[in-house]
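The values are calculated or read from the model by the stated rules, or taken from the named source; none is laboratory data. Just so we're clear, the structure is a prediction, and the values are computed from it rather than from any experiment. Positions of Cβ are backbone-derived with ideal geometry, glycine not excepted, and every protein chain shown enters the neighbour counts.
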Amino acid sequence: MSWASPRLSAATAVMMPLSAVVPLSAVVPLAPVAAVAETPRARHVVLVDWDGIDPSYLGRASMPNLDALRRRGSLSFATGTYRAISNPNRASLATGAFPSTHHNAAYVYDPESNVITGQNRTVDAENIAESLTRQGRTIASAGWYIVENKGAYYGDPARLYTQESSCEGNSENAARIIRRQPVRSGSTVVTVPEVPAFLAVYCSEADTLGHAGGPRSPRLPALLARFDTYLGGIVQATRDAGTFDETAFVITSDHGMTAFSETMHDRLLARLAAAGFRAEIVFRGQSPRPETEVVLAENERAAAVYLRGSATGRRGELRRLFARTRQIARVHDRADLRRLHAAPSEGDFVLEARRPWSFVPPSAMPPEGTEKGAHATLAEMRVPLVVAGSGVPRRPPFAPRTIDVIPTISALLGAAPPAQADGRELWRRPTQGTNLPTSAR
């Protein structure tokens, strides 16, 4: 059996309004319903984080190990956080908090340094590794870099961090940790004193391949099949260690992937200039010119917009210009971004490109007739979520979000969630209602 199509029945998947890309339950209160516990509580949880797994990848390869886990739990589609960029989303996954709480953002303009910043690991919230170790639990990370030196440390058997250069290496380390076999952790070799309560595993190759060749890359099926083999090795390690029946498994991602093959870079700048704006599209690590009034911080299919000088008094005119640009699908203003719980550094507007358009310079475009992949918009906020094993109900969760994963893992282990978590347990039903940003309705 292979992964099912994204268009699943209600018995096997949760389909949310607006194509499941806007966090509807993220903006409404939760009903006081107790969490569901249908099997004994887990003693161990394994989180597998496959970077850049788009829902469209489901069904493109035979994945028997993932299917076996799904049959012990559920496959659904979770909503990530905005914008759909790796480190901000992984920070949300690790903390259970929105970017508006943990403040991690990427490809934004920093007025103090006058530079467009790239991705970073600054997180102003407690993560799951810090939370569990504070509560006396053991943890380990096999390449899940978001907790490196923040709850997980090289050479520390009770709070172990290991790092390899591939999914295969990280997965093998995870299996060795579960079997309590020696693993290399930086410059030392470590054997954990017990099977960790929480173990996170990270794999980056699907994201790398999706960027390079787009989400329809013919190389993806073989990669997904390898991922499944590595997952099978981790599951087998729990059987070897005698912990399989006490372990819950969570497999998810940070964002999806969308193809682009065109750029609006030059024509958008020309349109802004014709309207009397001194505008500039600026890239990571670069600084806008002093005279620039409209700074667009580019991230392929999205751009954060910052107004300076006289442009600050022409906000409405700019919004109308962007909204009338056919290559732009959505324009989010500050009120929209607050409703999406985006980081406060996201700017005056965020623009989203209409498929197959982008904001990248012509020199960075793929050859004619080919495509690249990118993420950052509402369209890439939807990711697969498999939850299975000890303590897990065999039915889909309610309107799942990636910020709900860590509160759920904490509950499965009988622990409190991280201190600043905004999420809920996945099987705690949200109340009805929504408050979508105007641009997403």
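Here is how the numbers come out for the structure above:
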| item | result |
| --- | --- |
| Of all residues in the stretch 108-132 being of a type in the set (S, T, N, Q) and surrounded by fewer than 24 Cβ atoms within 10 Å (Cβ to Cβ), the one that is farthest from residue 187 (Cα to Cα) | 114 |
| Filter result for residue 293 (within 14 Å of residue 347 (Cβ to Cβ), among the acidic types (Asp, Glu) and in contact with a helix residue (DSSP H, G or I) (Cβ under 6 Å, 6 or more places away or on another chain)) | yes |
| Selected residue (only one of 197, 248 is buried (at least 23 other Cβ atoms within 10 Å of the Cβ), in the same structural domain as residue 51 (by TED's automatic domain parsing) and touching a Leu at 6+ places or on another chain (Cβ under 9 Å)) | 248 |
| Residues satisfying the stated conditions in the stretch 389-422, i.e. within 21 Å of residue 137 (Cα to Cα) and among the small types (Gly, Ala, Ser) | 389, 390, 391, 410, 411, 414, 415, 416, 419, 421 |
| Those residues of the stretch 44-61 which are more than 12 Å from the chain's Cα centre (by Cα) and under 24 Å from residue 173 (Cβ atoms), in sequence order | 44, 45, 46, 47, 48, 61 |
| Qualifying residue in the stretch 133-153 (condition: crowded, with 17+ Cβ neighbours inside 10 Å, at negative phi and without any contact (Cβ under 8 Å) to a residue 12 or more places away in the chain) | yes |
| Qualifying residues in the stretch 345-374 (those that are of a type in the set (Asp, Glu) and within 22 Å of residue 323 (Cα to Cα)) - the one surrounded by the most Cβ atoms within 10 Å (Cβ to Cβ) | 346 |
| Unique match (being over 20 Å from residue 145 (Cα atoms), surrounded by 24 or more Cβ atoms within 10 Å (Cβ to Cβ) and not assigned by TED's automatic domain parsing to the domain that holds residue 297) among 95, 79 | 79 |
| Entirely in the stretch 62-111, the helices (runs of 4 or more DSSP H) that have 1 or more residues that are of a type in the set (Lys, Arg), modelled with pLDDT of 95 or more and within 11 Å of the chain's Cα centre (by Cα) | 86-95 |
| Residue match in the stretch 389-400 (condition: on the phi < 0 side of the Ramachandran plot, modelled with pLDDT of 95 or more and not in a loop (DSSP other than H, G, I, E, B)) | no |
| Tally of residues being surrounded by 17 or more Cβ atoms within 10 Å (Cβ to Cβ) and in a loop (DSSP other than H, G, I, E, B) across the stretch 263-277 | 3 |
| Where residue 39 falls short, out of the listed (1) over 12 Å from residue 375 (Cβ atoms); (2) at pLDDT 95 or above; (3) surrounded by fewer than 24 Cβ atoms within 10 Å (Cβ to Cβ) | (2) |
| Single match in 352, 425 (criterion: in contact (Cβ under 8 Å) with a residue 24 or more places away in the chain, part of a strand (DSSP E or B), among the charged types (D, E, K, R) and on the phi < 0 side of the Ramachandran plot) | 352 |
| Test: residue in the stretch 364-375 that is under 21 Å from residue 311 (Cβ atoms) and assigned to a loop (DSSP other than H, G, I, E, B) | no |
| Scan of the stretch 253-295 for residues that are touching a Phe, Trp or Tyr at 6+ places or on another chain (Cβ under 8 Å), in contact (Cβ under 8 Å) with a residue 24 or more places away in the chain and over 30 Å from residue 49 (Cα atoms), ordered by number | 262, 263, 264, 265, 268, 281, 282, 288, 294, 295 |
